[in-house]
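Here the structure is laid out as structure tokens; the discussion comes afterwards.
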């Protein structure tokens, strides 16, 4: 018996998959596979590999958009073709022209799909590379302006916070008292609190 799977991917753990899950409402889906990983390749994606091992001829794979499958010019068209050769129907929600579940145009439809998949993969990878470039440029600019990255050193932790941290960690005082000693807001206190813990386990 054929099954319908949905693959939901976001690039980082801080991103939200809610928009993709919302798009699945009203659709008949047997299993939703959620993954938080970069789309630059398929090798590092354990959930996708698990999904692919479950797919059988006659099954259907639903993705919100092609870039959720991946963002590699070389790998995405190859992976798309591989799924089709396995007999898996692909339903791309935001671009019905890519759907292989109902190819009324036959060979012409296959050609159009391949061209569009390659074009969109090029756009997706270009966007990914541009984002990385902008990120590097932003970090370089921030460093030039004196901003520091990475774990803070002990000398970068305010002295009044160190005392508050020690008392709070040993449960001598409560959070409100610790914030008063450190003269910090709750969010700032927790920012330094987490950095202090990082230093202790480093």
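The values are calculated or read from the model by the stated rules, or taken from the named source; none is laboratory data. Being a predicted model, the structure only gives us computed values, none of them experimental. Positions of Cβ are generated from backbone atoms using ideal geometry, with glycine treated the same way; all protein chains shown enter the neighbour counts.
Things to note:
- Of all residue pairs spaced 6 or more apart or on separate chains, those with beta-carbon atoms under 9 Å, a first member in the range 29-46 that is farther than 15 Å from residue 68 by Cβ and a second member that is surrounded by fewer than 16 Cβ atoms within 10 Å (Cβ to Cβ) and at pLDDT 95 or above are 30/3; 31/3; 31/54; 43/49.
- Residue 58 vs. criteria closer than 19 Å to residue 130 by Cα and touching a residue at least 40 places away in the same chain (Cβ under 8 Å): no
- Odd one out for residue 87 among (1) without any contact (Cβ under 8 Å) to a residue 40 or more places away in the chain; (2) over 21 Å from the mean Cα position of the chain (by Cα); (3) buried (at least 19 other Cβ atoms within 10 Å of the Cβ): (3)
- Residues located in the range 17-30, provided they are in contact with a strand residue (DSSP E or B) (Cβ under 7 Å, 6 or more places away or on another chain) and either more than 21 Å from residue 94 (Cβ to Cβ) or assigned to a loop (DSSP other than H, G, I, E, B) (or both): 17, 24, 27, 28, 29, 30
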